[in-house]
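The values are calculated or read from the model by the stated rules, or taken from the named source; none is laboratory data. All values reported here derive from a predicted model rather than from experimental measurement. A quick note on method: Cβ atoms are made from the backbone with ideal geometry, for glycine too, and the neighbour counts reach across all protein chains shown.
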Amino acid sequence: MLLLDAGNSRIKWALSEEGVWVRQGVAGIAEWAVLQQAFATLQQPQKIFVSNVAGEQAAQHIRAACAAWHCPIEFISAMAEQCGVHNAYEQPAQLGSDRWAALIAAWSQMRAACLVVNCGTATTVDALSGEGEFLGGLILPGMNMMRRSLTEGAAHLATTEGIWREFPRNTADGIFSGAIQATVGAIRQQLELLEMPGAPCLLSGGAADSLQPHLKLNLVRVDNLVLRGLQIIGYGNK
């Protein structure tokens, strides 16, 4: 089974055989030649499961990259209920497929109330109840997007890379530290609203390394949460 997570910046993939990832990789969202070259070295999968939030053009490129295999491709979408997770979104199908797959992976691992935080181009902070119900969640600009919006929107602000400080004394550090503190604050606030003392926070995504040292919580790091959710969905649909 081939699993693909097409986000706004990158596309990640993993080849699963009997639940074990035997190959995996990543490419920029515009690096379709790189993806095709990687796929040319793989044996034909039986099925392909895709989470795509990068739009129709990306979907067309994915189909083209997989065309030589002539096997079924399923682009997943959020449902009202799947793999033990209940979707309380006002219109369940409008929940992003990446968030849905991540929630399914989180519930499969924890089976308890938790926050699911995925840090990429955007940062999502989603809440699961102890009964597996997706209660709702936040969508924030990712940390890089926060910093870029400041430097692009105000010409006098620093464009150099900053570092985190409790009390920044230069502009670059102020921007970097502000993005971290804003994200940490949102996560902490949602955890308080969940009203489940000690509930874990599952952290995933490309920016997780920058954020993790500043989250003084009951933290569980789970890389490739979306791909893990796709695998659960895929085996559930066998």
Task: Filter result for GLY236 (in contact with a Pro (Cβ under 9 Å, 6 or more places away or on another chain), modelled with pLDDT under 90 and of a type outside the set (Ser, Thr, Tyr)) - done: no
TODO: From LEU128, LEU150, LEU138, grab the single residue that is over 23 Å from ILE11 (Cα atoms), out of contact with any Phe, Trp or Tyr (no Cβ under 7 Å at 6 or more places or on another chain) and of a type outside the set (Ser, Thr, Tyr).
DONE: LEU150
TODO: Please specify each residue of the range 183-217 satisfying the condition of being in a loop (DSSP other than H, G, I, E, B) and loosely packed, with under 14 Cβ neighbours inside 10 Å.
DONE: GLU195, PRO197, GLY198, LYS216
TODO: Taking VAL226 as meeting all but one of (1) within 18 Å of the chain's Cα centre (by Cα); (2) assigned to a helix (DSSP H, G or I); (3) free of Cβ contacts under 8 Å to residues at least 60 places away in the same chain, write down the number of the exception.
DONE: (3)
Task: Residue identified as at pLDDT below 95 and farther than 13 Å from THR183 by Cα among LEU103, LEU115, LEU128, LEU150 - done: LEU150
